[in-house]
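One structure is given below, encoded as structure tokens.
The values are calculated or read from the model by the stated rules, or taken from the named source; none is laboratory data. Predicted, not measured: the structure shown is a model, and the values here were computed from it. Every residue, glycine among them, receives a Cβ derived from its backbone with ideal geometry; neighbour counts consider all protein chains shown.
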Amino acid sequence: MPEVRLVNVSKKFGKIMAVDNVSLQIHDKEYFSILGPSGCGKTTLLRLIAGLIQPDDGEIYIGDRLVNNVPPEDRDIGFVFQTFALFPHMNAWENVTYGPRVKGFDMQKAERIGHEVLEMVKLHERLDAFPNELSGGMMQRIAVARALAAGAKLLLLDEPLGHLDAKVRNELRYEIRRMAKDLELTAIHVTHDQSEAMAISDRIAVMKKGKVLQVGTPQELYMNPQSIFVANFIGGANFLEGYIMETRDKNAVIELRGGLRVQALKKGIDRGERVVLAVKPETFIIERDRGKKKSENSVSGVIERVAFEGTNIRYEVRLENQDLVVVVTPSLACEWFNIGEKVILSFQPESAHLFVYPETGLREEMAVE
Amino acid sequence: MPRKLVEKFDALSAKLFIKNGVYLTAVVLFFALILLPPILGIIIKWSAMQEILGNGELVARALNAVKNSFTIAILVSVFDVVAGIPMAWLIARGKSKWLNVLDTLADVPFIVPTAVLGYSLLLFWSGNEGLSAFFGGSLVSQGWLLVALLHFTFSYPVVVRVIVGALLDYKIEYEQASRTLGAPPLITARTVTFGIIKPSLIAAFVLAFARSISETGATMMVAGTFENGPVFIQNMKNAFSADPSLVRVYEGSTIFASLILIVVSCLIFAFVRILGTRFKLPIRRAWPTFEKKLSYSSAAGARNGIALLVFFVIVLIPSLFVALPAFEALFTDVLPKALSGAAMWSEYWQSLSLSYLLGAAATFLNILIGLPMAIIVARRKFGTLSSMLNVLVDIPIIVPSVALGASLKFFWKETLTFIPDIWLLVFAHLAITYPYFVRAMSAAIERISLELEEASRTLGAKPLCVFRTIVFPLTKYSLFSGAIMVFTRSVSETGATLAVTSLKTAPVVLVDWVKGNVAGVTGLDIGLGCGFLILISFIILLALRLIVKGKGKY
Ligand SMILES: Nc1ncnc2c1ncn2[C@@H]1O[C@H](COP(=O)(O)OP(=O)(O)O)[C@@H](O)[C@H]1O
Ligand SMILES: [Mg+2]
């Protein structure tokens, strides 16, 4: 039932367009993430949906209901705050049962719900502890339990894992998704952490400076970024500048700086156009340069730096044209290379992404603020 | 200050014995100048108690007066908090730009010296040109109701200030969380907001209560034949202190009444504090449909309307009413007479300079000895001693100012006779204003995260340097508002001043005028005298405000 629809929603703070003409449709029972660098307007968007602030423009629907003028307590939502906002003067149990109580449920029912949600977050000890006596992970669980106890079918989470250390964070993210799925909730999860968003979301909206740039499944965003910003933000990429020399059916031949030539899908960009080619670090195939004739789509370079990251090895390779590219390969599956070794990098034309060179410059386009 | 000198002081402050020396001096001065003298003063005169204990009529009168004090104090502080909450809510949570103006206006009764305030209220509620002009006859004549109205008025700004501060300080997210959990605004306020700011509500109550218990000068103006504790003490003084054979009656009744007021007040505060921690606001039950109705539109509008109405009709307009005759006086020969210092006006101008001198001295001394104390209390420098000091610091504001003055006088006059009157006056004002300053500062210092200070220490800053560069910039506004409270309180103080010395400050002179003790004083003279006091105080505060302006909020 609770699908969420935003139609041309805008919100200004003074001169800052915190949310700039955003339209989104979030499906019923979907786990949806809003992803973007800090300050891009994610929290503002979530607060608009919750009714904690009012839009300057546009319409917000929850289910079939236009909720612009509906106060937060009537929107039937659960909200998990970044800082948890557990009531400091109530203990864990009182926090969790707050929703049922203020909704006027009788005491027995309130307590039953309290036990149910605590069961769900696996936190039944320390119910009489006050928030300042709880660890970050516990506070987070209580915050989620409190939001669930109100019985809402729409769960809004504002960087719910942001204040936790890495290990706890990685465990809890799957747990939250599991609970949302078990309870058949629609969840909107705000985060600046792309790996978190990729790991748990059905779909993701990528935001930049108040605007939604692209909405899609994690795979779509990864395989088919529609902007330089998204290509960079989701998984990172090497950006090589050049221009289109000629086109051959689907492909374009691009001349990079220093006369290197490579091919990529042309995606409707015309000959002569100045372009940026995005190649993800893990799409390069890296081989030792044995002086043989180079294969079709390849460039040669010299290893400049090597970092062993555990699962992966990360190489920085200086190309012939002096561009520096990053290459990542699985540590177990490939040959290893040393600093100073000459290598050949190649990639499939379909795995690289071609973009028209941005008017404001590459750096500005990728800037997060 | 030259850089070299500053560095030298910074370096000195790192020496342990100097640092502890400063703190120790502050503690010693607190005991020696502020806490012990009034207590010792009472002990010195202990034998005088017999004079009153043997006189059943006088005991009954004293007890009745004390009972009146508590009845009014409880009544007034409850009403103040009840009326202050919606007003503070409007100021802190409203969206209109006019709220800044309202915020400033709420301070007005604090700027008007209490003695003048008493006179102003008298004119408004029962004078011929006041409300009675509309209703015929005086609407509220001198007596308990007017005393209650007066106490309500002068406590109001303190209550609003404290609650607004608390509402602005705490995280709005708690309220938002409650709303998303399904609680309409009224339930949210009741169960979350007030639960969290409960300590501030208690502090507001305590301050209003203490002020009502101890205020003397203004109360005397509006009391008529009604007697509360301070008025009783003052009446005793007027009746008996001049006659050496009867002076012990005055001394006895002063100690008797003061002692009961102090002890019972302390008990009430202890009770309120304990009750405050035990007592939970009713968060167990909620009545969603009913409370929802009260949260929105017409109900909320009515609440704001009533809050504003109470503020304007009971607090603001009566406080400023005294300015009307002052305007009239501008166009008569009273103005030239006043400016040339003719007749009683020469005494007025002298008293005015004395008042401001005293205010400045009290403020300066408070900063000097109150600041280290605020740090001790806020940072718990000395463990248990700090917690104890935290309680003791409040005592001077619950002692009736006239009794404080009297016991200070007993102590200083009879043990250290060589101390000149002017110093007695400074000590009395210091004692009365000290709690305000220490409270304002220690609360502000507590809010600064200790990490910030520690970070600065690890970067190599000496203690004094930490204070200069970290603590001071972050507490400047509190320091300023603390200083303002001290200054205004000192300039408006009447009761203790009357008791301690025959030197006359401006409020004392004005009380004389109003009481008809000075021949040839007209309503225009009084109006103008009050007007000057308000105007000059206002200009001084405005100037101070402009100096610190832009360097902090407000
Ligand atoms: N209450 C507010 N008042 C003024 N500016 C705000 C307010 N809330 C957010 N902003 C501004 O709006 C922009 C978006 O903020 P926010 O939604 O919090 O970003 P995010 O959650 O993505 O980090 C930021 O530039 C922020 O400074
Ligand atoms: Mg945010």
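Tabulated results
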{"item": "Subset of the stretch B:340-385 [touching a Ser or Thr at 6+ places or on another chain (Cβ under 6 Å) and surrounded by fewer than 18 Cβ atoms within 10 Å (Cβ to Cβ)]", "result": "B:Arg380"}
{"item": "The stretch A:190-216, residues that are of a type in the set (Lys, Arg) and either under 13 Å from A:Gly36 (Cβ atoms) or modelled with pLDDT under 95 (or both)", "result": "A:Lys208, A:Lys209, A:Lys211"}
{"item": "Residues satisfying the stated conditions in the stretch B:64-85, i.e. crowded, with 19+ Cβ neighbours inside 10 Å and not small (Gly, Ala, Ser)", "result": "B:Val66, B:Asn68, B:Phe70, B:Ile72, B:Val76, B:Phe79, B:Asp80, B:Val81, B:Ile85"}
{"item": "Those residues of the stretch A:205-247 which are without any contact (Cβ under 8 Å) to a residue 40 or more places away in the chain, farther than 17 Å from A:Phe355 by Cα and part of a strand (DSSP E or B), in sequence order", "result": "A:Gly216"}
{"item": "A:Phe79 vs. criteria hydrophobic (A, V, I, L, M, F, W, C) and either assigned to a helix (DSSP H, G or I) or within 16 Å of ligand 2 (Cβ to nearest atom) (or both)", "result": "yes"}
{"item": "From the options A:Glu111, A:Glu73, A:Glu94, A:Glu59, residue that is away from ligand 1 (no atom under 16 Å from the Cβ), closer than 22 Å to A:Met17 by Cβ and assigned by TED's automatic domain parsing to the domain that holds A:Ala152", "result": "A:Glu59"}
{"item": "Verdict on A:Lys122 being at pLDDT below 85 and assigned to a helix (DSSP H, G or I)", "result": "no"}
{"item": "Residue identified as assigned by TED's automatic domain parsing to the domain that holds A:His89, farther than 21 Å from B:Leu181 by Cα and within 16 Å of ligand 1 (Cβ to nearest atom) among A:Val190, A:Val206", "result": "A:Val206"}
{"item": "Selected residue (criterion: farthest from the other protein chains (Cβ to nearest Cβ)) from residues of the stretch B:183-213 that are among the charged types (D, E, K, R) and farther than 22 Å from B:Ala299 by Cα", "result": "B:Arg211"}
{"item": "Flag for A:Val67 being modelled with pLDDT of 90 or more, more than 8 Å from chain B (Cβ to nearest Cβ) and closer than 15 Å to A:Ala149 by Cα", "result": "no"}
{"item": "From the options A:Pro100, A:Pro71, residue that is surrounded by fewer than 22 Cβ atoms within 10 Å (Cβ to Cβ), within 22 Å of B:Ser178 (Cα to Cα) and away from ligand 2 (no atom under 16 Å from the Cβ)", "result": "A:Pro71"}
{"item": "Which listed residue, of A:Leu35, A:Leu24, is within 16 Å of ligand 2 (Cβ to nearest atom), of a type outside the set (Lys, Arg), surrounded by 17 or more Cβ atoms within 10 Å (Cβ to Cβ) and closer than 18 Å to A:Arg203 by Cα", "result": "A:Leu35"}
{"item": "Qualifying positions in the stretch A:103-118 - within 8 Å of chain B (Cβ to nearest Cβ) and either touching a residue at least 12 places away in the same chain (Cβ under 8 Å) or under 21 Å from A:Met179 (Cβ atoms) (or both)", "result": "A:Lys103"}
{"item": "Among residues of the stretch A:155-170, those that are at pLDDT below 85 and away from ligand 1 (no atom under 16 Å from the Cβ), counted", "result": "5"}
{"item": "Members of the stretch A:193-203 found to be away from ligand 1 (no atom under 16 Å from the Cβ) and of a type in the set (A, V, I, L, M), listed by number", "result": "A:Met198, A:Ala199, A:Ile200"}
{"item": "Condition check for A:Arg146: more than 20 Å from the chain's Cα centre (by Cα), under 17 Å from B:Thr180 (Cβ atoms) and more than 16 Å from ligand 1 (Cβ to nearest atom)", "result": "yes"}
{"item": "Residue count, the stretch B:156-182 (criterion: within 14 Å of chain A (Cβ to nearest Cβ) and either within 15 Å of A:Gly78 (Cβ to Cβ) or part of a helix (DSSP H, G or I) (or both))", "result": "13"}
{"item": "Qualifying residue in the stretch A:41-53 (condition: away from ligand 2 (no atom under 16 Å from the Cβ) and either within 14 Å of another protein chain (Cβ to nearest Cβ) or modelled with pLDDT of 95 or more (or both))", "result": "yes"}
{"item": "Number of positions in the stretch A:152-190 that are small (Gly, Ala, Ser) and without any contact (Cβ under 8 Å) to a residue 60 or more places away in the chain", "result": "1"}
{"item": "Residue selected from the stretch A:154-204 under the condition among the charged types (D, E, K, R) and in a strand (DSSP E or B), by the criterion surrounded by the most Cβ atoms within 10 Å (Cβ to Cβ)", "result": "A:Asp158"}
{"item": "Check on A:Ala92, touching a strand residue (DSSP E or B) at 6+ places or on another chain (Cβ under 6 Å), over 21 Å from A:Ile34 (Cβ atoms) and more than 16 Å from ligand 2 (Cβ to nearest atom)", "result": "no"}
{"item": "Extreme residue, modelled with the highest pLDDT, among residues of the stretch A:79-100 that are more than 7 Å from chain B (Cβ to nearest Cβ) and under 24 Å from the mean Cα position of the chain (by Cα)", "result": "A:Val80"}
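Residue by residue, here is whether (1) more than 26 Å from A:Gly99 (Cβ to Cβ); (2) under 28 Å from the mean Cα position of the chain (by Cα); (3) among the β-branched types (Val, Ile, Thr) holds:
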{"site": "B:Val158", "(1), (2), (3)": "yes, yes, yes"}
{"site": "B:Glu173", "(1), (2), (3)": "no, no, no"}
{"site": "B:Gln176", "(1), (2), (3)": "no, no, no"}
{"site": "B:Ala189", "(1), (2), (3)": "no, yes, no"}
{"site": "B:Phe205", "(1), (2), (3)": "yes, yes, no"}
{"site": "B:Ile213", "(1), (2), (3)": "yes, yes, yes"}
{"site": "B:Phe226", "(1), (2), (3)": "yes, yes, no"}
{"site": "B:Asp243", "(1), (2), (3)": "yes, no, no"}
